[in-house]
Amino acid sequence: RLAAAAASPWLLPLTLAGATVAHGDVRYADRGLGERLLHLAARQRGVSAEDLRRALVADLARRRRAAGATALGDLMAALRDFAARPGRIHIRAAPGAPAPLGGLLWQPRPDVWTERLGITATYAPQPPECSPGNPPPGLLPGDP
């Protein structure tokens, strides 16, 4: 059924309707890909990489504030920090019991997804010897 859904994307929700999420784990340590993608996206938009980064960080910070002290807010904070200074990010889904995707596929609210799937996220900066670039200061709370 997945092959059919790949050939006809409109079938994907029907294919995933019976699927459940029991656990998921994504760990990513940036070694320069984040900066290259940022520069590529900036070039495509005709803006500087720093301006694009500032806009992305500001948008994620706004989403963080809107989400408040929730799992979605924590996810937005980790993504904001990663966008400001690509480092290590860990996103995990650990629902208390397997969560059926059928009920979530039509759910437009990301806070419902994060709560039902038990999504958590953490960010850690890269050690200085691993950092591929030097993003400008002042992007994160506590920056000089």
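Would you confirm whether any residue within segment 20-27 is surrounded by 14 or more Cβ atoms within 10 Å (Cβ to Cβ) and farther than 22 Å from Gly87 by Cβ?
yes
Select from segment 61-74 the residues that are assigned to a helix (DSSP H, G or I) and closer than 24 Å to Pro95 by Cβ and list them in ascending order.
Arg63, Arg64, Ala66, Ala67, Ala71, Leu72, Gly73, Asp74, listed by residue number.
Could you identify the single residue in Gln107, Gln126, Gln44 that is more than 25 Å from Arg31 (Cβ to Cβ) and among the polar types (S, T, N, Q)?
Gln107
Condition first: of a type in the set (A, V, I, L, M) and touching a residue at least 60 places away in the same chain (Cβ under 8 Å). Now tell me which residues in segment 54-68 satisfy that.
The answer is Val57, and nothing else.
What about Pro86, is it closer than 24 Å to Pro125 by Cα and assigned to a loop (DSSP other than H, G, I, E, B)?
Yes.
When you look at Gln44, is it outside any strand (DSSP E or B), closer than 30 Å to Leu14 by Cα, out of contact with any Pro (no Cβ under 9 Å at 6 or more places or on another chain) and not hydrophobic (A, V, I, L, M, F, W, C), yes or no?
Considered against the rule, which asks whether it is outside any strand (DSSP E or B), closer than 30 Å to Leu14 by Cα, out of contact with any Pro (no Cβ under 9 Å at 6 or more places or on another chain) and not hydrophobic (A, V, I, L, M, F, W, C), Gln44 comes out as no.
Report yes if Val47 is under 17 Å from the mean Cα position of the chain (by Cα), among the hydrophobic types (A, V, I, L, M, F, W, C) and more than 24 Å from Pro125 (Cα to Cα), otherwise no.
When the stated conditions are applied, Val47 does not pass them.
Mind checking which residues of segment 111-127 are surrounded by fewer than 16 Cβ atoms within 10 Å (Cβ to Cβ), outside any strand (DSSP E or B) and free of Cβ contacts under 8 Å to residues at least 40 places away in the same chain?
Val112, Pro127
Given the structure, is Glu35 acidic (Asp, Glu), in contact with a Gly (Cβ under 9 Å, 6 or more places away or on another chain) and at pLDDT below 95?
yes
The values are calculated or read from the model by the stated rules, or taken from the named source; none is laboratory data. All values reported here derive from a predicted model rather than from experimental measurement. Using ideal geometry, Cβ is built from the backbone for each residue, glycine included, and neighbour counts are taken over all protein chains shown.
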